[in-house]
Amino acid sequence: MSTLPTPADRDATPTREPAVTGVDGVPPRETAVAGDGVPLRETAVADLVRAADRAATELLVPPAATLGHAAAARLGDVVPAPEQVHPVPGADHRLGPDTVIRVGADPAARAVADQLAALLRPATGYPLPVTDLADPESGGGITLTLTDDEALGPEGYRLDVDRDAVRVTAGAPAGLLYAVQTLRQLLPAAVESATPVPGPWILPGGSIVDRPRFPYRGAMLDVARHFFPVADVLRVIDHLVRYKLNHLHLHLTDDQGWRIAVDAWPRLTTVGGMGEVGDGPGGSYSTADYQRIVRYAADRHVTVVPEIDLPGHTNAALVAYPELAPEGVDPPTPYTGTEVGFSYVDPASERTYDFIADVLGEVAAHTPGPWLHIGGDEAFKVKGEAYTGFVERVQRLVAATGKTVVGWHQIAPAAHAEGRVLQWWGTTPDDPTTAEAVRRGARVIASPANLIYLDMKYAPDTPIGHDWAGLIDVRRAYDWDPGSHLTGVPAEAILGVEAPLWTESVTSLPEIEFMLFPRLPAVAELGWSPRSTHDWAGFRERLAGHAPRWTTAGITFHAAPEVPWPVAIGPGTAPAATIPTQPTGQAPPTAPPIPAGDPIPAGTTTRVEGPPGADGAISADGAITPDEA
Ligand code: TNX
């Protein structure tokens, strides 16, 4: 029996941090780090290495390729699917205690090499020193090289695996990082372990040439309806990186709370940051918190897109500064419900634009990425010319900060602004107003609510989430084409795809993960993989293999019934599992365990062991019931 972690536990307990990378960057070179974050002395490392290698060598008889969990993965077993995969039988590469990681002098490339070492050290127990490419002492191993080859683009990479070496090349450091994510998936799931486990650590031989279909691949986290501490946001960034997503949109302000400090308007957070949906305390990010998030993201080639939702969704700001409310409306009071569309800043008042200029100026100053998102949705009380005039003025304020404006597609009728991007969240692809804005020069981020809104329930009995845009199971999230979805909008106008997670009913990190996994990898494949690779049957098989990875990394997920999850997996890895949270509902009766390797039959429930605090019961429809505290 175990209990769910409380938010305070999460902040205090290192085991809830990302198991693999650790939250605050990578450990120093030449220093192995144990699962509890304590650096190991060199002698301890050497002992571990010897023990791990002895165990691996024993396991290598019979040959690894026939050894079940020890066999190399297939080279194409990657999510999102790579552009080109060329397996070479017999060219598998085995990592060992002597493996070195070699990289050139570019600091960003070196940072990726350090990240690779930090990913592999905990589970392998190998020292994996990061050394200079030119170092004649260290042949073989894993090399990371930046090339002038422009064909790979800013995010593409080439990976060549043979018996003697693993070679990664890319035109830019982001490509090296994506190659590292591919490498990670090609190793056994046990590589996600935070403590040393026996290998062997074998990479399948051959080559992969890979680059993304769309430049913008993202997810949104609503930190306004419920507030989430910095550590949770960093962990979400880790999840994005795993699947080669490169944008995190933070919905920072809404009726229930204002979550980002603005020096010129301090009551936005001291007053407007208190509270959230329900009776929780809320919270907000200080400038230092926000900088920590954007830096952590940038170190992983993720761009943060901050959203200040205007002119509606502004009740929290109005509670802090009632003078921004239009005259004649009721005095604003704190709001902890889930209705939308009732609040607005006064579009006719100059003070409103002074306020917005200050806010956007400060947020822009702390944001390294090129985007500022101004919301624009559901401003039901600001209509017609008052609305378009407001948006046009705010678009100019964004331009004055040097950033490019993004808004929900409701801003489409406003005049075009250089580079502007509409985030389309409609449910019917025929949207002439958006198509017209595209003809005037807008680009589009595709976020169709009925296909990839991560706050929608998977199934009628999903314990949290909405259903106003329908139920979204994994297949539905996967089986559509962002390039051709919108009528009258050509593929060239699609900047990419983003899956928003609204959090009216999402209250904790495990619940965030439950809604993200496994739909986030589906969205990632839509954003990254060429259309020619799109194939539900193949995707569900590849996805199924990720359950042991998530379990080992302590990631909560929904065991969607349309995916053939392994129920029991090989020795040395944790069982496929599950969500540690279910805010409501009765525990269904548990059935006897399912034989190893079989999918969960419809209508049954089986025991699962999850990450700490996550043991429970899971049924074929994916409903998961935690053990009682
Ligand atoms: C619509 S989508 C909203 C949000 C809600 C969401 C719930 C959009 C731009 N606005 O305010 O949280 O639905 O699914």
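Readers should treat all values here as calculations from the given coordinates under stated rules, not as data from a laboratory. Values in this document were obtained by computation on a predicted structure and should not be read as measured data. As a convention, Cβ positions derive from the backbone with ideal geometry for all residues, glycine included, and neighbour counts pool all protein chains shown.
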Quick check on the stretch 379-469: what does the Kirkwood estimate of hydrodynamic radius come out to from the alpha carbon pairs, in Å?
14.5
Overall Cα dimensions of the stretch 84-210 - principal axes, largest extent first, Å:
40, 31, 27
First select every other residue whose beta carbon is under 10 angstrom from the beta carbon of Leu372; then total the charges, Lys and Arg +1, Asp and Glu -1.
0
If you find the alpha carbon centre of the stretch 384-447 and of the stretch 479-539, how far apart are they in angstrom?
21
Total formal charge among the other residues, if their Cβ is under 13 angstrom from that of Ala172, Lys/Arg +1 and Asp/Glu -1
-3
Descending packing, highest mean Cβ count within 10 Å first, for 349-361, 523-535 is 523-535, 349-361
Please give the charge dipole size of the stretch 89-213, origin at the Cα centre, charges +1 on K and R Cβ atoms and -1 on D and E Cβ atoms. Round to the nearest 20 debye.
360
Counted charge near Tyr321, where neighbours are those whose Cβ lies closer than 12 Å (Asp, Glu -1; Lys, Arg +1):
-2
Post the alpha-carbon centroid distance, the stretch 240-315 to the stretch 88-133, in whole angstrom.
35
